[in-house]
Amino acid sequence: MRLDDKDITQSDLDAKMQRAIEEENKREIEKQRKRKHKRNLRHAVLIAMVTVISVAGAVTLIKYLSPNYYKNDEEFHEFADESFTTYELCPHSGNETTEYNYGEYFSSAVRRDGPDVTENIKRFRENKINAIMSADSKEASDSDDDLVRATLIDASVFKTGTGGISMVINHCKYKQDKRDLVFEGSEAETYLFNEQNGATAEPLQVLNVNYKDKVSEYAEEYFTKYYNDEDRSENWKKYLTADDGNYNKFVMTGDEIIFIFDEDTVLTKDKGISAVSMPYKLISSAIRPELLNRYIDPSKPMVALTYDDGPGGDSEAKILRALEANGSVATFFYLGNRVSAFSENAVKAVQIGCEIGNHSWNHPMLSKLKKKEVQEQMSKTNGAIREVCGVDPVVARPPYGDCDNKTAKTCNMAEVLWTVDTQDWKTRNSKKIVKAVQSQKNLDGQIILMHSIYDETAKATEKIVPWLKKKGYQTVTVSELIEYKTGKSPEAGKLYRNVK
Ligand code: ZN
């Protein structure tokens, strides 16, 4: 009855079918073992390892929550104690508690187990779960019928084995129908964190930029093989292409990655959420080996290097190499109109853990523009960055630092200025640029302004980055600096002249 860790729920999966699939999996594993050295090994492993899952579990579980299935309190409690060892049950109020009474429906059952996680991740998970629960109980109390409603939240966390924590929050809603609770709908959300400090991480920090090409090839084969036309939605193939919108939800365990598909996408709505699991060794070219290993110690000094006016060509590539070689990061404020032309550097920046910020579309003085034009500068650039890098910028830097509180509000992003100006654009002299940084008495909490389009800046960066490391400074992104120094995430619409 309990949902297994590795299992991703897919509602209403007929038990017979599930058994058949398991049998088939076993057979495939056996077959695969026998032809280990044969050429078609890889596809066979995939099919064998593919896991479909236990939603049947979730549905049955909720069904049994119905008091109609139990003769008395004792029988019910016996069942509940056995079945919910890994869940905490929550009543309609949405408050968390393990109390339950016979005859009362549960509004939620929340999974609590998983590897030890940092306080940040725990808090994140609690907040998400609480938000779902209170939204659902509000919906239940607002409705004018007096039907029983229930929510099952399966919030599981996994270690990725690459320094990350992967989380899936799976949320299934049920509604009373005569004597049973029936499945109403489901939604899955997935998140990725740094294992050591609990900071959120981007998919491209654990996956190579072309991962979707590799994955789509296998996923289509899987859904073709294990489902028939009735199970698959009309446009199912659309959700399995390597396009932007696909394969953004996934869970990573120690040895496999599980891609999750919302209900009513690949499979028809009544099938709920579906998933395909792939062992890392099968898609090794899609996995980045050691990405999430950067750790920020809040008690040690930190500095934010920032580079405007990119993405650029060779000089920016040089800067990225210097950062990567030292395990360092920076924030790049990009001009929207350059992003697709220099996409290689932009993607690389994300992959090595750098932050991408918005530096407008084509570098205007924002104060000379109409409100609508300012917003267009922002949104167009964010769109270009999302398309190429797969991330949504939260920080922006106004060209020429031309921004006041009112403009920041109009931009609706965290507008970040700088505290150390290297004047690199003016001097174009690496020695002077290095000196501008090294001559500062204390760099803790400082935001350093440079530009990634000058070769002298790249040369200076090759000196500055190892020097900072030697001096005991951690390089952080602007968002991280704001987070650690102010205790709050960057606020949209706010102008940051510094982070004191
Ligand atoms: Zn600029």
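Apart from one condition, V329 fits all of (1) open to solvent by less than 10 Å² (accessible area, probe 1.4 Å); (2) of a type outside the set (D, E, K, R); (3) assigned to a helix (DSSP H, G or I); the exception is (3). Checking each residue of the range 319-326 against the condition of being open to solvent by 20 Å² or more (accessible area, probe 1.4 Å), charged (D, E, K, R), closer than 20 Å to L207 by Cα and modelled with pLDDT under 90 gives at least one match. In the range 382-406, the residues that are assigned to a loop (DSSP other than H, G, I, E, B) reach residues that are more than 16 Å from the ligand (Cβ to nearest atom) and of a type in the set (S, T, N, Q) with C-beta atoms within less than 8 angstrom, at least six apart or across chains, in these pairs: D392/N382; P393/N382; V394/S479; V394/S489. When T407, T419, T461 are screened for being open to solvent by less than 30 Å² (accessible area, probe 1.4 Å) and under 20 Å from V329 (Cβ atoms), only T461 passes. Of all residues in the range 416-448, those being within 15 Å of A304 (Cα to Cα), among the charged types (D, E, K, R) and away from the ligand (no atom under 13 Å from the Cβ) number 1. Among the helices (runs of 4 or more DSSP H) confined to the range 422-500, the ones with at least 3 residues that are in contact with a helix residue (DSSP H, G or I) (Cβ under 7 Å, 6 or more places away or on another chain) are located at 430-438, 455-470. Taken across the range 354-366, residues that are under 20 Å from A460 (Cα atoms), away from the ligand (no atom under 16 Å from the Cβ) and open to solvent by 40 Å² or more (accessible area, probe 1.4 Å) do not occur at all.
When the range 473-500 is filtered for residues that are over 22 Å from T410 (Cα atoms), modelled with pLDDT under 95 and open to solvent by 20 Å² or more (accessible area, probe 1.4 Å), the ones remaining, listed by number, are Q474, E480, E483, Y484, K485, T486, G487, K500. If you go through the range 438-467 and keep only what is of a type outside the set (F, W, Y) and touching a Phe, Trp or Tyr at 6+ places or on another chain (Cβ under 8 Å), you end up with Q438, L443, D444, I447, I448, L449, M450, H451, S452, T457.
The one condition from (1) in contact with an Asp or Glu (Cβ under 6 Å, 6 or more places away or on another chain); (2) within 16 Å of the ligand (Cβ to nearest atom) that S479 does not meet is (2).
The values are calculated or read from the model by the stated rules, or taken from the named source; none is laboratory data. Model, not experiment: these values are computed from the prediction. In this analysis, Cβ positions are derived from the backbone assuming ideal geometry, glycine residues included, and neighbour counts consider all displayed protein chains. When the accessible area is computed, the model is the full protein with side chains, heavy atoms only, and any ligands, DNA or RNA have been set aside. Shrake-Rupley method; radii C 1.70, N 1.55, O 1.52, S 1.80 Å.
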